[in-house]
Amino acid sequence: MRRERLLEHARGDRPAAVRLAGARLVDVLSGEIVETDLALAEDVVVGLGDYEAEEVLDVGGSYLAPGLIDAHVHVESSLVPPAELARAVVPRGTTTVVSDPHEIANVLGLEGIRFMLEDARDAPCSMFVMASSCVPATDMETSGARLEASDLASLLEEGSVLGLAEVMNFPGVVHGDPAVLAKLDAFAGRPLDGHCPGLTGRALAAYAASGISSDHECTTVEEAREKLRAGLAIFLREATNARNLEALLPLVTPANQGRICLCTDDRQPADLLDDGHVDFMVRKAIAGGLDPVLALTLATWNPARHFGLADRGALTPGRRADLIVFDDLTAPRPRLVFHGGRLVARDGEMLEPRAERERSLPPTMHVAWGAVDLAIPAPSGASRLRVIGAIPDQLVTEQRVVEPTVVDGLAVADPGRDLLKMAVLERHRATGNVGLGFVQGVGLRRGALASSVAHDHHNLVVIGADDRSMETAAHEVARLGGGLVAAQGESVLAALPLPLAGLMSDRPIGEVRAGLDTALAAARELGSTLHDPFMAMSFLALEVIPSLKLTDRGLVDVDRFELVPLWV
């Protein structure tokens, strides 16, 4: 809206478009609940009070709060593109997301990022992008693309790119790797997101001194407090496979709350549709003892201020009319959602029908099957092997050393000991790379699971109780052009196709959720008790989160940040 017209509305010389009457406004700037009306015109708030308006909507004493903001999310983890994710999260009150599209960037580079930006255009949820800083995450993996500082800087021409996304190569930052520093320099003066699990002491000091200003990987209050003291903002996370909010709530105080935000990071369809999005985190924070106004502030004003989004995050004259209407301050569940002054959702449902879109991306499943061999010979005299220890609801893993089970000279899976074989097959360049290892904590008693979602390189990852089941599952993922598969022997038990870069479906999120439910049910039938074994499996391949992970290059000791042999 032109400033002159805005001032006419604010002075009351021109009627507002809508007045929300009888409201209790959550003022995230003053910490108050204010009984007032709220006037909207076009896409902004024009004033508080009894304004003349073309339409008066009596909200009957309900609460008004700014639209919720997700401070850090990988849209691809919802298994649907941005426009489809919006249909899931907007009815739950999310009107802005700050996205890092590094999942698709690791598959298709800048083409993938621009696909996400285009898909988000005109969606009823504002998507801002942080340019993906680690493509690939490290040199201990094979990804489908490599983005240098100059590639990332070219994204600044896109109006929705805010800064540099999570810098996961924290050793590169700490030790001054020139390529990493060039990316920081290219985004100087803009938000620089961090990712430094477990970093402490002088290494943390160096990381913070680089200009990086946030971290979302804390798992304990002590870790988060040290990072706050180092100058980093802390994003409290509640993802599908990384549930850290409850443990970190004691961190939040009136003195430090201005430097704390909420983020979902990676959340799958069932959790989005059943529990919610940022609204779920707000309710959980309140249930955990946080003041309701403060909980809402962490999800509105704080992320807006952190990312320099001065046009949103609070309901004041001149700011965007992104807002939610709800009835219970102790457990906010939006019944009305406005985006840019337009009513877009009511009672948990979008008001506009889903528009069919034509989406297409190049094929991305290129496995050199002739080079794939899942057999693991047991060396003469070798008595122990390194094993990844999965931890429920966490991204960190343990590094275990166990006795192998050897049959006919080969180390094999032993479900009776919860010892499963894991393989990562390179699927971008047909290099023939295959990383092999073992994992405990997934719980399969038989069969195998395979997926083309494997953070962040997104090669083909498979875990199983026997080689035949693993081969069946892996081949079916490739045949689908990407997806999630459960198999036993030569039979495919369940499959969810993900044809968009092997990461996302082009179907409605409700259909995707149904397909995922079927796959999860098959995984449970095979013995896994994890909440989402497919997502858990995908993070067992992420070599920037301690302690032991597996890529197509082999086992990675993340604490030492180097490849290590399977056999001890």
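The values are calculated or read from the model by the stated rules, or taken from the named source; none is laboratory data. Note that this is a predicted model, so its numbers are computed, not measured. Please note: Cβ atoms are built from the backbone with ideal geometry, for glycine as well, and neighbour counts cover all protein chains shown. Each accessible area value is taken on the protein alone, full model and side chains, heavy atoms only, with ligands, DNA and RNA left out. Shrake-Rupley method; radii C 1.70, N 1.55, O 1.52, S 1.80 Å.
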Could you pull out every one of the strands (runs of 3 or more DSSP E) wholly within segment 159-246 that has 3 or more residues that are over 17 Å from Ala137 (Cβ atoms)? 161-167, 233-237
Residues of segment 481-496 being open to solvent by 40 Å² or more (accessible area, probe 1.4 Å) and in contact (Cβ under 8 Å) with a residue 40 or more places away in the chain, which ones? Gln488, Leu493
Can you pull out every residue in segment 497-508 that is at negative phi and surrounded by 23 or more Cβ atoms within 10 Å (Cβ to Cβ)? Leu498, Leu500, Leu503, Met504, Ser505
Residue list for segment 365-383, filter: closer than 17 Å to Leu460 by Cβ and loosely packed, with under 13 Cβ neighbours inside 10 Å: Trp369, Gly370, Asp373
Among the residues of segment 347-376, count how many are modelled with pLDDT under 95 and either of a type in the set (Asp, Glu) or part of a strand (DSSP E or B) (or both). 3
Based on this model, can you work out whether Ala71 counts as over 30 Å from Gly510 (Cβ atoms), surrounded by 16 or more Cβ atoms within 10 Å (Cβ to Cβ), under 37 Å from the mean Cα position of the chain (by Cα) and not basic (Lys, Arg)? no
From the list Asp275, Asp291, exactly one residue is charged (D, E, K, R), within 30 Å of Pro533 (Cβ to Cβ) and over 15 Å from the mean Cα position of the chain (by Cα). Which is it? Asp275
Within segment 128-161, can you find the residues that are under 17 Å from the mean Cα position of the chain (by Cα) and open to solvent by 20 Å² or more (accessible area, probe 1.4 Å)? Phe128
Starting from residues that are in contact (Cβ under 8 Å) with a residue 40 or more places away in the chain and assigned to a loop (DSSP other than H, G, I, E, B), keep the ones in segment 384-403 and report whichever is least open to solvent (accessible area, probe 1.4 Å). Leu395
Quick one: in segment 1-43, which of the residues that are touching a Lys or Arg at 6+ places or on another chain (Cβ under 6 Å) and not charged (D, E, K, R) is least open to solvent (accessible area, probe 1.4 Å)? Ala39
Note on segment 409-435: residues open to solvent by less than 20 Å² (accessible area, probe 1.4 Å), in contact with a Gly (Cβ under 9 Å, 6 or more places away or on another chain) and not in a loop (DSSP other than H, G, I, E, B) are Leu420, Lys421, Met422, Ala423, Val424, Leu425, Gly435
Within segment 311-321, is there a residue that is open to solvent by 20 Å² or more (accessible area, probe 1.4 Å), outside any loop (DSSP other than H, G, I, E, B) and in contact with a helix residue (DSSP H, G or I) (Cβ under 9 Å, 6 or more places away or on another chain)? no
So, in segment 541-564, exactly how many residues are hydrophobic (A, V, I, L, M, F, W, C), at pLDDT 95 or above and open to solvent by 10 Å² or more (accessible area, probe 1.4 Å)? 2
Between residues in segment 300-314 that are without any contact (Cβ under 8 Å) to a residue 40 or more places away in the chain and within 16 Å of Ser160 (Cα to Cα) and residues that are open to solvent by less than 10 Å² (accessible area, probe 1.4 Å) and aliphatic (A, V, I, L, M), which pairs lie under 8 Å by C-beta distance while being six or more apart or on different chains? Ala310/Ala304
Flag if Val406 is in a strand (DSSP E or B) and farther than 23 Å from Ala242 by Cα: yes
